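Below: the structure, in structure tokens.
The values are calculated or read from the model by the stated rules, or taken from the named source; none is laboratory data. Fair warning: this is a prediction, and the values are worked out from it, not measured in the lab. Cβ atoms come from the backbone with ideal geometry, glycine included; neighbour counts cover every protein chain shown.
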Amino acid sequence: MSDLNTLRELCARMSAVQETKALIEEQLSATNAELDELRLKKIPEMMAEIEVKNATFPGIGRVQLAADLYCSTKAGKKDEAMQWLRDQELDNMISLSYNASSMKALVRKMIEQGVEPPEFLNISPFIRASIVKA
């Protein structure tokens, strides 16, 4: 019976750690949102409003604005973007890759079907505990 009690204690600890992780992730999400609100909106707007390009504050440091941008390839335009890079002689920016999660799912399915995965893959099966809420 003591083994079952130990198992229960380990499962309870796992559940508690999962809850802590979820809380931390929620806090991180909220923190990132607040940080973006400050650095991408409030501070640049205030600096423009008071016509200041940079400011130095004791205990904080120098604050300045920097131009930046987001950039991604439009959906369905990856081939066009890669050809454009080739045309610009920027082939070194192109890398062939695959999604690791998709490869993992493929290998899991192969193993379940009794198919031997290719030898060039590092495969490390393991057993993981999971808690299913009752």
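Annotation: residue 133 fulfils all but one of (1) closer than 30 Å to residue 8 by Cβ; (2) outside the structural domain of residue 8 (by TED's automatic domain parsing); (3) not aromatic (Phe, Trp, Tyr); (4) not in a loop (DSSP other than H, G, I, E, B); the unmet one is (4).
The rows are residues; the columns are (1) without any contact (Cβ under 8 Å) to a residue 12 or more places away in the chain; (2) under 27 Å from residue 130 (Cβ atoms).
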residue	(1), (2)
10	yes, yes
21	yes, yes
47	no, no
78	yes, no
94	no, no
99	yes, yes
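Would you mind stating whether residue 43 is in contact (Cβ under 8 Å) with a residue 12 or more places away in the chain and assigned by TED's automatic domain parsing to the domain that holds residue 11? Yes; evaluated as a whole, the condition is true for this residue.
Scanning segment 90-121 for residues that are loosely packed, with under 10 Cβ neighbours inside 10 Å and under 21 Å from the mean Cα position of the chain (by Cα) gives 95, 96, 97, 98, 99, 100, 101, 102. Among the residues of segment 68-87, just one is among the hydroxyl-bearing types (Ser, Thr, Tyr) and in contact with a helix residue (DSSP H, G or I) (Cβ under 6 Å, 6 or more places away or on another chain), namely 73.
For residue 48, the conditions (1) modelled with pLDDT of 90 or more; (2) surrounded by fewer than 11 Cβ atoms within 10 Å (Cβ to Cβ); (3) aliphatic (A, V, I, L, M) all hold with the exception of (2). Within segment 122-134, the set of residues being of a type in the set (A, V, I, L, M) and either modelled with pLDDT of 90 or more or surrounded by 10 or more Cβ atoms within 10 Å (Cβ to Cβ) (or both) comprises 123, 131.
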